[in-house]
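The values are calculated or read from the model by the stated rules, or taken from the named source; none is laboratory data. In this text, all values refer to a predicted model and were calculated from it rather than measured experimentally. With ideal geometry, Cβ positions are generated from the backbone for all residues, glycine too; neighbour counts draw on all protein chains shown.
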Amino acid sequence: MRITVIGTGYLGAVHAVCMAQAGHEVLGLDMDAAKIDALSAGRAPFFEPGLPELLGEGLDSGRLSFTTDPAEAAAFGEVHFLCVGTPQQPGSNAADLRYLHAAVEALAPHLHRPCLVVGKSTVPVGTAAVLAAKLAELAPVGAEAELAWNPEFLREGFAVEDTLRPDRLVVGVTGEHAEAVLREVYAPVLALGTPWISTDLATAELVKTAANSFLATKISFINAMAEICDATGANVTTLADAIGHDARIGRRFLDAGLGFGGGCLPKDIRAFHARAQELGVGSALDFLSHVDTINLRQRTRTVEAARELLGGEFAGRRVTVLGVTFKPDSDDIRDSPSLHVARMIAAEGAEVRVHDPEGLANAKSAHPELECVESVEDACAGADLLLHLTPWRQYRELDPAEVATWVRAPRLLDGRNALDAPRWAAAGWTLRLLGKPAPAPAS
């Protein structure tokens with residue numbers, strides 16, 4: 001099929017590349033000429049494992065191309081995917097939908113033949129109905145420019161896999177024709193046995209926000225338990241293992257630590273609550289405010305624990321932060337818990353050095369007050385305290401005995417409970433873990 005992808009940010013670029021990999025002819029549209037030039041030259045605008053290779057294959061095959069012209073996109077495509085961002089509104093918890101509306105307003109006037117427009121962006125429930133009316137009003141073809149909703153469930157670091165081999169496909173449609181078209185689009189994925197869930201527009205919109213809200217709640221729950229464990233001497237990892245054996249609960253997303261961040265979960269739970277308030281049922285989602293509060297409190301708790309390790313004061317001390325992206329296998333620093341902690345510690349007078357395998361350029365651009373260091377050894381040199389805050393494999397593979405020769409004092413706070421704590425303690429490190437007792441350092 002001939003498919004366009006409107007918006008070539010994280011979601012759009014991945015979707016365009018993967019649709020070309022699935023055998024479709026794909027045209028990506030974005031008004032950012034620099035981004036289009038980079039993609040057309042085979043340069044991915046962000047770090048995502050597997051994406052550069054598939055981008056190159058798509059361009060070389062001739063099935064993938066990019067443009068800044070909405071008219072060209074409208075003339076090209078049978079199916080148009082809306083993949084623009086829906087960030088949090090400045091000064092509000094609600095979602096900012098102006099980019100999504102602008103995309104429809106740019107595309108619709110050029111739609112002169114029947115087509116299907118498919119939203120993939122994460123939106124407040126009710127958005128699709130509004131956009132469907134706008135599309136019918138602005139498109140010369142009228143109601144034959146049909147709207148459907150197909151939420152994305154991408155995990156950064158696994159986005160290519162999640163697109164080509166998803167754990168489910170959800171489509172919100174208003175008729176059999178739209179469903180038939182989407183089944184054709186996703187025929188290679190459905191051939192793998194992927195579950196297909198067809199529903200109405202509102203339910204499809206809710207699936208994504210409900211899923212993110214549930215995951216955020218699960219993470220904040222185990223972090224709340226970590227606070228109780230710290231107060232009682234219990235072990236939150238053992239607790240998570242024990243309750244995770246219950247099939248109704250499950251072990252995934254029950255790892256206590258610094259909490260969640262990124263461009264999805266934080267803004268999505270806030271927007272979901274804000275939308276519920278607009279609908280007059282805000283009390284149904286009041287608990288999401290507590291989920292958000294628990295998550296943010298993990299950052300201040302981490303700063304407090306780090307301060308205690310340094311005897312109660314940061315001023316004049318050198319602190320090294322290992323990891324600045326919100327998760328490993330990404331260069332995304334949006335609402336990064338680790339970067340937030342680094343900034344708070346720097347504000348208290350510490351000399352903060354940060355290292356990250358992929359996120360340093362973004363961190364340096366956004367926060368020039370932090371010293372970004374390319375080498376782990378140089379970042380750790382002379383440190384009074386190490387903070388392990390993003391669980392990259394590179395950090396798990398460090399030799400604690402060797403790292404001890406780089407620092408001024410062997411003190412470590414593992415904000416993700418992801419390192420081999422007994423191994424670090426055996427190498428003479430004083431450790432602090434979140435929600436669990438730390439082994440004593442070897443004498």
statement: Of (1) touching a Lys or Arg at 6+ places or on another chain (Cβ under 9 Å); (2) of a type outside the set (A, V, I, L, M); (3) at pLDDT 95 or above, His290 satisfies every one except (1)
- prompt: Among the residues of the range 333-348, which ones are surrounded by fewer than 24 Cβ atoms within 10 Å (Cβ to Cβ) and either in the same structural domain as Gly259 (by TED's automatic domain parsing) or under 15 Å from the mean Cα position of the chain (by Cα) (or both)?
  reply: Arg334, Asp335
- line: The residue that is nearest to Leu265 (Cα to Cα), considering only those in the range 50-82 that are in a loop (DSSP other than H, G, I, E, B) and either touching a helix residue (DSSP H, G or I) at 6+ places or on another chain (Cβ under 7 Å) or aliphatic (A, V, I, L, M) (or both), is Gly50
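Results for (1) at pLDDT below 95; (2) of a type in the set (D, E, K, R); (3) in a strand (DSSP E or B), shown as yes or no for each residue.
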| position | (1), (2), (3) |
| --- | --- |
| Val84 | no, no, no |
| Gly91 | yes, no, no |
| Ala108 | no, no, no |
| His112 | no, no, no |
| Leu131 | no, no, no |
| Pro151 | no, no, no |
| Val160 | no, no, no |
| Asp167 | no, yes, no |
query: Among the residues of the range 197-220, is there at least one that is closer than 18 Å to Lys436 by Cβ and either assigned to a helix (DSSP H, G or I) or not assigned by TED's automatic domain parsing to the domain that holds Leu82 (or both)?
result: yes
task: Kindly check whether there is at least one residue in the range 47-57 that is in the same structural domain as Ala139 (by TED's automatic domain parsing) and closer than 28 Å to Glu105 by Cβ.
output: no
- line: Going through the range 418-443 in order, the residues found to be without any contact (Cβ under 8 Å) to a residue 40 or more places away in the chain and among the hydrophobic types (A, V, I, L, M, F, W, C) are Leu419, Ala421, Trp424, Ala425, Ala426, Ala427, Trp429, Leu431, Leu433, Ala438, Ala440, Ala442
task: Could you look through the range 13-51, keep only residues that are under 17 Å from Leu116 (Cα atoms) and not hydrophobic (A, V, I, L, M, F, W, C), and pick out the one that is surrounded by the fewest Cβ atoms within 10 Å (Cβ to Cβ)?
output: Glu25
- prompt: Can you name every residue in the range 93-106 that is part of a helix (DSSP H, G or I) and within 26 Å of the chain's Cα centre (by Cα)?
  reply: Arg98, Tyr99, Leu100, His101, Ala102, Ala103, Val104
- request: Please work out which one of (1) over 24 Å from the mean Cα position of the chain (by Cα); (2) under 25 Å from Ala231 (Cα atoms); (3) modelled with pLDDT of 95 or more is the condition Arg416 fails and give its number.
  value: (1)
- request: Filter the range 349-401 down to residues that are within 25 Å of the chain's Cα centre (by Cα) and in a helix (DSSP H, G or I), then give me how many there are.
  value: 12
message: I'd like to check something: does the range 297-312 contain any residue that is over 21 Å from Asn417 (Cα atoms), free of Cβ contacts under 8 Å to residues at least 40 places away in the same chain and not assigned by TED's automatic domain parsing to the domain that holds Ala271?
response: yes
- prompt: Would you call Leu239 surrounded by 20 or more Cβ atoms within 10 Å (Cβ to Cβ) and either in contact (Cβ under 8 Å) with a residue 24 or more places away in the chain or part of a helix (DSSP H, G or I) (or both)?
  reply: no
task: Examine the range 263-281 for a residue that is under 30 Å from Cys372 (Cα atoms), at pLDDT 95 or above and either assigned to a loop (DSSP other than H, G, I, E, B) or among the polar types (S, T, N, Q) (or both), and state whether such a residue exists.
output: no
- request: Look through Leu135, Leu97, Leu116 and report the one residue that is within 18 Å of Ala271 (Cα to Cα) and of a type in the set (A, V, I, L, M).
  value: Leu97
- request: Please indicate, with yes or no, whether at least one residue in the range 322-331 is modelled with pLDDT of 95 or more and either outside any loop (DSSP other than H, G, I, E, B) or surrounded by fewer than 17 Cβ atoms within 10 Å (Cβ to Cβ) (or both).
  value: yes
statement: Residue hits (the range 42-96; among the charged types (D, E, K, R), farther than 18 Å from Thr4 by Cα and touching an Asp or Glu at 6+ places or on another chain (Cβ under 9 Å)) are Arg43, Glu48
statement: Screening Trp429, Trp406 for residues that are surrounded by 23 or more Cβ atoms within 10 Å (Cβ to Cβ) and not acidic (Asp, Glu) leaves only Trp429
- request: Please enumerate the residues belonging to the range 419-443 that are in a strand (DSSP E or B) and more than 30 Å from the chain's Cα centre (by Cα).
  value: Thr430
Residue in the range 303-323 that is under 18 Å from the mean Cα position of the chain (by Cα) and more than 23 Å from Ala95 (Cβ to Cβ) present: yes
query: In the list Gly262, Gly280, which residue meets the criterion of being surrounded by fewer than 23 Cβ atoms within 10 Å (Cβ to Cβ) and more than 19 Å from the chain's Cα centre (by Cα)?
result: Gly280
task: Identify the single condition in (1) in contact (Cβ under 8 Å) with a residue 12 or more places away in the chain; (2) more than 26 Å from Gly263 (Cα to Cα) that Asn223 does not satisfy, given that it satisfies every other one.
output: (2)
